[in-house]
1. Return yes or no: is THR87 surrounded by 13 or more Cβ atoms within 10 Å (Cβ to Cβ), touching a Cys at 6+ places or on another chain (Cβ under 9 Å), among the β-branched types (Val, Ile, Thr) and modelled with pLDDT of 50 or more?
2. What number goes with the only condition from (1) at pLDDT 90 or above; (2) among the acidic types (Asp, Glu); (3) over 30 Å from LYS275 (Cα atoms) that ASP158 does not pass?
3. Consider segment 160-189. How many of its residues are in contact with a helix residue (DSSP H, G or I) (Cβ under 8 Å, 6 or more places away or on another chain), open to solvent by 10 Å² or more (accessible area, probe 1.4 Å) and either acidic (Asp, Glu) or closer than 14 Å to VAL39 by Cα (or both)?
4. Counting only residues that are open to solvent by less than 70 Å² (accessible area, probe 1.4 Å), part of a helix (DSSP H, G or I) and free of Cβ contacts under 8 Å to residues at least 60 places away in the same chain, how many does segment 197-223 have?
5. Within segment 252-277, track down each residue that is assigned to a helix (DSSP H, G or I) and either within 19 Å of ASN163 (Cα to Cα) or open to solvent by 20 Å² or more (accessible area, probe 1.4 Å) (or both).
6. Does SER205 satisfy the criteria of being of a type in the set (S, T, N, Q), out of contact with any strand residue (DSSP E or B) (no Cβ under 6 Å at 6 or more places or on another chain) and modelled with pLDDT under 90?
7. Every residue in segment 57-71 that is in a loop (DSSP other than H, G, I, E, B) and over 20 Å from GLN131 (Cβ atoms), please.
8. State whether the residues of segment 273-292 include one that is at pLDDT below 65 and more than 18 Å from PRO155 (Cβ to Cβ).
Amino acid sequence: MGLISLVANIASTVGGSISSQFKDQYLEFFTCDALGQNVLAKKGANKITKGNNKGSVDVITNGSKIAVPEGVACILVNNGEVVEFTTKAGMYEFNASTAPSCLSDSHFLTNLKATVADTWDRMRAGGEVMQQQRVYFINMQEIRDQKFGTATPLPYPDPEYRNIYIRLNGSFSFKIEDPVTFFKNVCSNLTDELTVADLMGTPASPKQPREEFMDHMTEVLNLCGSQDKILFSTLPAEKSKLRKHMQDVLDEDWLRGRGMVVAEVALGIPTPDDKSRQRIEQVDQAKMFGSDPNALAAQAILGQTEAMNTAAGNANGAVNGFMGMGMVGGMGGMNNMSNSAFQFMGQQQAAQQQAQAAAPVAPAAPAAGGWTCACGTTNTGKFCGNCGQPQPAPAPAGWTCSCGTTNTGKFCSNCGQPQPAGEWTCSCGTKNTGKFCSNCGKPQA
């Protein structure tokens, strides 16, 4: 029984070896679609969907075609070893003696001998294919919009404000410069594809390369501040220096270990923490006062005014408040105001005097007439200084009717006649009291 089983197995192996060899005789065609911004590496697949080419997936028939698109590197792996690669777009032909085909070229008999030898090798391995050929495509484009942000403020040696702490956010891009190093150290023997997220992670859940970028950010900031003397507020405008420093501190490790380099770095507006912001405001204020004595004098006067207002509102009395101000002045507080402040006040006083001298003198207002209250007190204000009663309203002017009655209204209280119109002079020179001139008859203008 064992002999019969062995004979049957040998027969099946021979048949399977010959069958697989014939299937692998057909030529194949490999290429890849656009890898875009998400895929870094992808295993090539046979693009021929018609015909009878259904051979082994890990066997590339000698003479098969490979189309390499723009922005993509092609890597050929034969039995686990990188045997060829190219970064130039175009059509290429696979040529490897380990995968012979009678259809590879016009040398049929030579190819047939190699094919029979390969079939014998498969028979000795029980019908299994004892070789592997693969095509890989590596994305050579710039991978953009890799977001980053600092979880905690980073130290920055600002040339103006000294050591401050700032928060940063922005984005960077990277490229694969050495596809063979990238393939060997990052994604060798890839079964399908490697995405950007597989390599870099996300800002919320970063993987090692992204963490390495953030770890080197502190070193880059130190170079920008101490070496290049860049103000923290102008960092977003210094992209070229940021990129250069990041490449200097990171590219050597990335290029040697992964075949990658940093392409661009873009920053948002840096944000100082609260303590750093207070220091920045203090330094800016000191710079303003140092360069502008008038600003310093104005600030000193404003401080005095606020102190006086505070003293006036002192719960223990304004006198105690001003006494406190005097004590401070005695100890060199208020009286030690800078010469610039005194100079500023002198300039302001002189300007006011000049303006007053140049302005026309307005006539003095006539003194208000006095009045006598019912209590007998003579006053000039609107209320009596003795009893507080208001000044009585003046009596309205009266007029005398033709019947002899004195009235204050518009009609006579005795006979009902209306109050006569006031006297007016006509253009002819006649004085009248009616609505028409008694001389020429013209109406009152």
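The values are calculated or read from the model by the stated rules, or taken from the named source; none is laboratory data. Keep in mind that what you see is a predicted model, and the values were worked out from it rather than measured. A quick note on method: Cβ atoms are made from the backbone with ideal geometry, for glycine too, and the neighbour counts reach across all protein chains shown. For the accessible areas, the whole protein counts, side chains as well, though only heavy atoms, and no ligand, DNA or RNA atoms are used. Shrake-Rupley method; radii C 1.70, N 1.55, O 1.52, S 1.80 Å.
1. yes
2. With respect to (1) at pLDDT 90 or above; (2) among the acidic types (Asp, Glu); (3) over 30 Å from LYS275 (Cα atoms), ASP158 is out only on (3).
3. 4
4. So the answer is 6.
5. Within segment 252-277, GLU252, ASP253, LEU255, ARG256, GLY257, ARG258, ASP274, LYS275, SER276, ARG277 meet the criteria.
6. Against the criterion (of a type in the set (S, T, N, Q), out of contact with any strand residue (DSSP E or B) (no Cβ under 6 Å at 6 or more places or on another chain) and modelled with pLDDT under 90), SER205 does not qualify.
7. PRO69, GLU70, GLY71, listed by residue number.
8. Yes, segment 273-292 contains a residue that is at pLDDT below 65 and more than 18 Å from PRO155 (Cβ to Cβ).
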